Amino acid sequence: MPLNSRWQYPTALLDTTMDQLRTLLAVHEAGTALGAARLLGREQSSVQKQLDTMNRNFGALCGEPLVLKRGRSRDVLFTPTGEALAKLARGTLQDWLDSVHGCRRRLGSRLNVGSTRYTLGFLLGAVELVTEDFESRGVELKVEHVRTRDLLDRLGSKELDLVCGSVLTTGDGDSRLDGFEVMEWRRSGLSLVTNLSEDELPGPGLSVRELPGLPLAVSADGLIPGFLRGWFGARYRQELHIAAEIDTVQYGLELLSSGVLRGCVLVTQGIGEAVADGRLQSGAGLRTLQLADDLGPDLAVLVGVFVRGGERTAWDAAHPLNVLWDALAGENARWRSVMKKPGEVGEGQ
């Protein structure tokens, strides 16, 4: 019996796999089969074979190949057809991925959770409370590290379902937080950690206007550069004495503790308090000074739990996302009641 025309598709189209679409996108990004192979962690011959197959099949279907070779060591040239189908491939793969994530979230069979380094302890405390329940229901809980700079992007893209961490805010009406629900743990400014003596840098505090006169260890991204851009503008590196480039606060504290650098590191107040109280081994022997913001604008570190807006209310109380959220709320209340400084929680990367 002949098939209804509704079910008749070209064989070459039906033989195209998701993996081939991914290869096409990798070639589009890298420019060559070799570059794509490196992106995908595969052999160049495997990538080239898939590319040749798609070139042949879609060349026959569309009237022109997807890519044209331009000689050894040169990037391939995507034809108009190749550009159009690469765009279609990207949308196809993303639509499938979004739908799979949507089904997973609806069923609550898996929860992807992120945490910055200094909020991990609070997350793990809550995870311990829900582990038995999740295991009995077959819920897979995946916990991974997330950098402060990526927190909202990874949550907004649905790569993660819940994140514990911190973001730079510009006041209560920060539009960057639109579309997210936040359980606020703490809102604070910055502190300065230093190995300079009292004679070199008297305490107990200083103002932002005094920072240009101090040797600073500064990271290239994250919360701290956000403050510096807000205070000194995009050219803050020209305004400040940057004595060292660091990739994490931990590395900056170790530079100071070792004496390799004589200077200061800007940290969130939570980390500054942990150094002052001796709760961070990497901060042993260092001093914490309070930093008074006398420049503006109104900047603060918001520490807490972040989920996409409206997502918790879409599920019942037994959904894993709500169960973990409630456990985190309980942990927050517990820590507030037992710590010397109410609301003192870890912050940062």
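The values are calculated or read from the model by the stated rules, or taken from the named source; none is laboratory data. What you are looking at is a predicted structure, and each value in this text was computed from that prediction instead of being measured. No Cβ is skipped: glycine too gets one built from the backbone with ideal geometry, and neighbour counts run over all protein chains shown. What goes into the accessible areas is simple: the full protein's heavy atoms, side chains included, and nothing from ligands, DNA or RNA. Shrake-Rupley method; radii C 1.70, N 1.55, O 1.52, S 1.80 Å.
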Pairwise centroid distance, computed over Cα atoms, of segment 202-241 with segment 282-310, Å: 13 Å
Accessible-area order (highest first, 1.4 angstrom probe) of the listed residues 143, 163: 143, 163
Which of 146, 48, 240, positive extreme of dipole for the chain (C-beta unit charges): 48
Exposure of residue 62 as accessible area (Å², to 10), given a probe of 1.4 Å and all protein chains: 70 Å²
Residue-averaged 222 nm ellipticity for the chain, from DSSP H runs of 4+ at -39500 (n - 2.57), nearest 500: -13000 deg cm²/dmol
Along principal axes, Cα extents of segment 190-292, largest first, whole Å: 34, 27, 24
Quarter of Cα convex hull surface for segment 12-126, i.e. mean projection, nm²: 10.3 nm²
Amide N of segment 133-162 lying under 20 Å from the label point, which is placed 7 angstrom from the Cα of residue 237 along Cα→Cβ: 148-150
Estimated dipole of segment 190-292 in Debye, rounded to 20 [Cβ of Lys and Arg +1, of Asp and Glu -1, Cα centre]: 220 debye
Compactness of the chain as Cα Rg over 2.2 N^0.38 Å, two decimals: 1.27
DSSP H segments from the chain that extend 30 Å or more along their own axis, Cα-based, with Kyte-Doolittle mean of -1.0 or above: 80-107
Per-residue HN-Hα couplings for segment 191-206 [Karplus 6.51, -1.76, 1.60; θ = phi - 60°; Hz; x = Gly/Pro]: 10, 10, 9, 9, 10, 6, 6, 4, 5, 6, 9, x, x, x, x, 7
Efficiency of FRET from Cβ geometry, residue 110 and residue 20, R₀ 22 Å, rounded to 0.05: 0.25
Accessible surface of the chain [probe 1.4 Å, protein heavy atoms]: carbon and sulfur percent: 52 percent
Per-residue ³J(HN,Hα) for segment 238-248, Karplus 6.51 cos²θ - 1.76 cosθ + 1.60, θ = phi - 60°, Hz, x for Gly and Pro: 7, 7, 10, 9, 8, 8, 7, 9, 10, 9, 9
Interchain or long-range residues, amide H under 5 Å from residue 67's placed H: 79
Exposure ranking of 16, 23 by accessible area [1.4 Å probe, largest first]: 16, 23
HN-Hα J in Hz across segment 142-153 - Karplus 6.51, -1.76, 1.60, θ = phi - 60°, x for Gly and Pro: 10, 10, 9, 6, 9, 7, 3, 5, 9, 4, 5, 5
Distance between segment 15-40 and segment 144-167 - C-alpha centres, whole angstrom: 27 Å
